[in-house]
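Below is one structure, written out as structure tokens; the observations come after it.
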Amino acid sequence: MLIRSLAIASTLSLASSIIVQVQAKDNNDNDGLVRMKLKKRSAEEMVAAHLKRENDALRLALANGSAPKEVVTDMAKKSVVLRGSNLEDEFEEQVEVGKMKGFPRKYMTPPRGEEVEVDTNTGSTENVIIKDYANAQYYGEVMIGTPPQPFTVIFDTGSSNFWVPKINCSDCGHDKSTYDHTVSNSFQEDGSDFRIEYGSGAVHGFFSVDSLSLADDMIIEHQKFAEVSNAGGLGQAYAQGNFDGILGLGFEGLSEGGASTVFKNAIDQNVVRDSVFAFDLGDNEDGELTFGGYDESKFTGEISWIKLSEANYWRIDIENISVGSVSSGNTNGIVDSGTSLITGPSTEIAHIAHSVGAKRDFVGQYHFHCSRIGDVPDLEFEIDGRVWTVPGEDLVLQMGDTCLFALMAMDMPRGAPQWILGDVFMRQYYTIFDYGNERVGFAELNH
């Protein structure tokens, strides 16, 4: 079997106590575009989530015997988590509970990608390995079935399947919206197996068919999607997360089970004007996803179009990536709305982090003293002869005295994309995905 795609481990978890309410819809004016509001998690929330995840990982490492106790105790004494100022007693108690329960290692997300196993004999695809979505930052709302059942999803250009948890889903957390096909008049049985093997474990269920609504006027009939019965493979990143499911906006080549993607069905059913969608992720505000074209009021100047080097991911060639004196040379990457950070090979990220004085913590995230924010140089991507810049100040996630570097080390398998241009990059530019012409477009934002 050929297992393809990426194993992407994340460094930022989702805070379990925060429920995101998502605003959907807005098909304004009569321009033929369908607009969806995307709710943004704040930088403060993401930093808080990281601190919680770091402390949880330290506890579990001790429970598993994989970290020196003095290291973990020292971190606990420094009150890494935001709950309480003295965590040592609570920490020791939770370690003992962890030992008794035998916490599985899947809840410790590794700080870098894992190798993809390849069976050269068959060349067939069994599983798609993607990310754990612990650092996702934007969400939107969709409706499934008749009458409609609402779900909060990540609109992810880095994957292609659409899935939500089914009723009585195992390891799905306590606050998820779950799909019940018995109450939908438009449900059609499929029943074929659905399984994605994540770096930390499997997510599995079965395929079904039902109607899907994105905003008021974008209704897709007979959409094949997965009812997930067990989401344990995503661990706490999902169980504590602010989203119910994933709506992939990649190409069919990445789709498990041969399911047509949501956007491909929207094109085929003529519910979008053009085979184009676009993101405006704003800055310190919520974002907007537009289907059926792009909104000219959102940007200024000309669109720079970049042809995809491969149409499975939204993958492009990159001539160079540079920060200060550190330079990557010729490489490639994907434009990925489902990843909030920018990721790259561990060696190059380590050089970049060192150049700005950032140090790596227990779970693989780089951080530095907040007094050095003004010293962080710009990050420049040379793509198709033009330089696209992420200002140094936007490479920092800050909450109080804690500053996280918005670049993350991720070693990809051979042949896979080497860099991920996530939301940190996409927030700088109006980003257009032209499905029909297999290209992406960047333009200067009009705000």
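The values are calculated or read from the model by the stated rules, or taken from the named source; none is laboratory data. Predicted model, so just to flag it, every value in this text is computed and none were measured. Reconstructed Cβ throughout: ideal geometry from the backbone, glycine too, with neighbour counts over all protein chains shown.
For the reader, a short list of remarks on this structure follows.
- Considering the range 295-310, and only residues there that are small (G, A, S) and more than 24 Å from M36 (Cβ to Cβ), the residue that is nearest to the chain's Cα centre (by Cα) turns out to be S309.
- Strands (runs of 3 or more DSSP E) contained in the range 274-354 and holding at least 3 residues at pLDDT below 95: 287-291, 342-344
- I306 assigned by TED's automatic domain parsing to the domain that holds V356, in contact with a strand residue (DSSP E or B) (Cβ under 6 Å, 6 or more places away or on another chain) and more than 18 Å from E444 (Cβ to Cβ): no
- Remark: P377 falls outside the filter, which requires a residue to be part of a loop (DSSP other than H, G, I, E, B), under 21 Å from the mean Cα position of the chain (by Cα) and in the same structural domain as G324 (by TED's automatic domain parsing).
- Candidates V387, V356 - the one that is over 23 Å from the mean Cα position of the chain (by Cα) and surrounded by 15 or more Cβ atoms within 10 Å (Cβ to Cβ): V356
- Selected residue (only one of S297, S229, S255, S213 is out of contact with any Asp or Glu (no Cβ under 9 Å at 6 or more places or on another chain) and surrounded by fewer than 17 Cβ atoms within 10 Å (Cβ to Cβ)): S297
- For the condition touching a residue at least 40 places away in the same chain (Cβ under 8 Å) and under 15 Å from the mean Cα position of the chain (by Cα), S159 qualifies.
- Among the candidates F162, F151, residue that is modelled with pLDDT of 95 or more, buried (at least 18 other Cβ atoms within 10 Å of the Cβ) and within 29 Å of A409 (Cα to Cα): F162
- Only one of the listed residues (G258, G301) is touching a strand residue (DSSP E or B) at 6+ places or on another chain (Cβ under 6 Å) and at positive phi. That residue is G301.
- Residues that are at pLDDT below 90 and under 22 Å from S170 (Cα atoms) number at least 3 in the following strands (runs of 3 or more DSSP E) confined to the range 201-271: 201-214.
- Test result for G374, over 16 Å from W419 (Cα atoms) and surrounded by 16 or more Cβ atoms within 10 Å (Cβ to Cβ): no
- Checked against the criterion of being modelled with pLDDT under 95, surrounded by 22 or more Cβ atoms within 10 Å (Cβ to Cβ) and hydroxyl-bearing (S, T, Y), the range 361-371 has at least one qualifying residue.
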